[in-house]
Amino acid sequence: MKRSAWLGIAVLALSVLADGCAKSRETAEMGTQAFRRRAARGELTRIYSEAAPEFQESTTEADFAKLMEGIGRKLGAWQSSKPPAWKVFSGMGGRTVTFGYASQFEKGPANEEFIWRIQGDRAILVGYHINSPLFMADDLLGTRPPNP
């Protein structure tokens with residue numbers, strides 16, 4: 001096959017791949033927006049019940065609710081995020097999109113990570129992690145002993 005034909009095939013393959021990544025990122029962004037709306041309305045059961053089995057196996061619904069309530073107590077309401085750092089991974093388990101946000105809450109900053117599995121036009125929550133200097137994980141879950 002001529003070199004120009006191989007180049008044409010490579011360009012076509014890259015454009016298909018880029019289009020798939022862009023659509024996956026867009027779907028994951030919609031998932032993040034839905035997560036934020038539901039969290040603001042206190043729809044924690046809905047977030048948990050629609051999450052991936054891996055998410056549900058990693059935490060109980062009660063502990064997820066404690067975490068989210070602790071975030072509200074320590075950080076207040078989410079206000080904004082800078083455009084995320086992101087990566088798309090395609091593997092045997094499907095396509096996942098990971099977003100890393102530098103976010104601003106009412107009471108201070110936090111770094112958030114969302115991991116989404118893309119299934120058709122849906123983003124399924126696989127992981128949510130948050131870190132802020134304003135709290136410690138055990139304090140959020142209410143397991144820290146009281147100060148004497």
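The values are calculated or read from the model by the stated rules, or taken from the named source; none is laboratory data. Predicted model, so just to flag it, every value in this text is computed and none were measured. When we count neighbours, we look across all protein chains shown, and the Cβ atoms used for this are built from the backbone with ideal geometry, even at glycine. Keep in mind that these areas ignore ligands, DNA and RNA; they rest on the heavy atoms of the full protein, side chains included. Shrake-Rupley method; radii C 1.70, N 1.55, O 1.52, S 1.80 Å.
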Item to check | Residue-level accessible surface for R38, protein heavy atoms, 1.4 Å, Å² | outcome: 50 Å²
Item to check | Nearest-0.05 FRET efficiency for S58 and S80, computed from C-beta distance (R0 41 Å) | outcome: 0.90
Next on the checklist: For K107, give me every one of the lysines with a C-alpha distance below 17 angstrom, ignoring sequence neighbours fewer than eight places off in its own chain.
Outcome noted: K74, K82
Item to check | Gyration tensor verdict on region 18-97 (Cα atoms; rounded if a/c is under 1.5, prolate if a/b is larger than b/c, oblate otherwise) | outcome: oblate
